[in-house]
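A quick write-up on the structure given underneath.
Values in this text are rule-based calculations from the coordinates and carry no lab data. Given the structure is predicted, the values throughout are model-derived calculations rather than measurements. Cβ placement follows ideal geometry from the backbone for every residue including glycine, while neighbour counts extend to all protein chains displayed.
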């Protein structure tokens with residue numbers, strides 16, 4: 001079923017389908033004994049539950065496929081994607097991000113993002129980060145900054161930042177990170 005349903009409408013539809021499937025087993029009108037009516041209702045309910053279970057299996061398979069697609073797109077994107085918590089710690093990073101920063105994911109997860117900022121820009125990063133994590137600030141920021149790879153080499157990076165405040169949790173900063181060293185903008189920094 002590719003149709004979108006609200007809960008009540010969907011339950012009524014499943015109930016009608018289940019009743020149609022067991023219609024030949026229905027007790028006949030007023031001559032039916034209470035136990036026959038009850039057994040019929042239980043059978044209709046059983047069929048309805050089986051139909052719901054099949055829909056759940058189908059939906060679960062579709063969600064698993066969508067998650068796999070998202071994971072592939074995230075991991076193999078051409079830009080580095082980093083999620084930073086309010087304590088400046090890296091929570092997530094994709095493969096492009098680890099390659100760009102020259103470190104394994106295990107080395108980067110839970111480490112401070114600020115340690116990847118070149119000393120010459122560390123004050124700017126601190127100011128920008130605090131500003132971005134303020135709920136009254138704009139949700140999106142884009143800027144250039146000098147960063148360090150794990151081997152100590154410096155590169156000029158373009159950061160597109162988006163603050164996300166998830167339900168009942170602390171805000172996170174989502175960063176798209178690209179190497180801008182080759183764009184000619186590095187000389188301007």
Item to check | Segments 84-91, 44-51 sorted - mean Cβ within 10 Å per residue, highest first | outcome: 84-91, 44-51
Checklist entry - Which peptide among 65-78, 110-123, 133-146, 92-105 comes first, and what is the full order, when sorted by highest mean count of other Cβ atoms within 10 Å? => result 92-105, 110-123, 133-146, 65-78
Checklist entry - For segment 76-188, treating each Cα as an identical point scatterer without solvent, what Debye log10 I(q)/I(0) comes out at q = 0.17 1/Å? => result -0.78
Checklist entry - When the Cα centres of segment 82-103 and segment 128-170 are compared, how far apart do they sit, in Å? => result 11 Å
Item to check | Dimensions in Å of segment 7-74 - Rg and Dmax from alpha carbons | outcome: 18.0, 64
Item to check | Efficiency of FRET from Cβ geometry, residue 162 and residue 62, R₀ 22 Å, rounded to 0.05 | outcome: 0.20
Checklist outcome for this item: A correct fewest-to-most ranking of 81, 156 by other Cβ atoms within 10 Å would be 81, 156
Checklist entry - Do you know the relative contact order of segment 7-74, to the nearest whole percent, from alpha carbon pairs under 8 angstrom that are 6+ apart? => result 36 percent
Checklist entry - If you project the alpha carbons of the chain onto the principal axes, what extent comes out on each, in Å, largest first? => result 91, 33, 27
Checklist entry - When the Debye formula is applied to the Cα atoms of segment 71-139, each taken as the same point scatterer, what base-10 log of I(q)/I(0) results at q = 0.22, 0.24, 0.29 Å⁻¹? => result -1.01, -1.10, -1.24
Checklist entry - Taking R0 as 45 Å, what's the FRET efficiency between residue 138 and residue 8 from their Cβ-Cβ distance, rounded to 0.05? => result 0.65
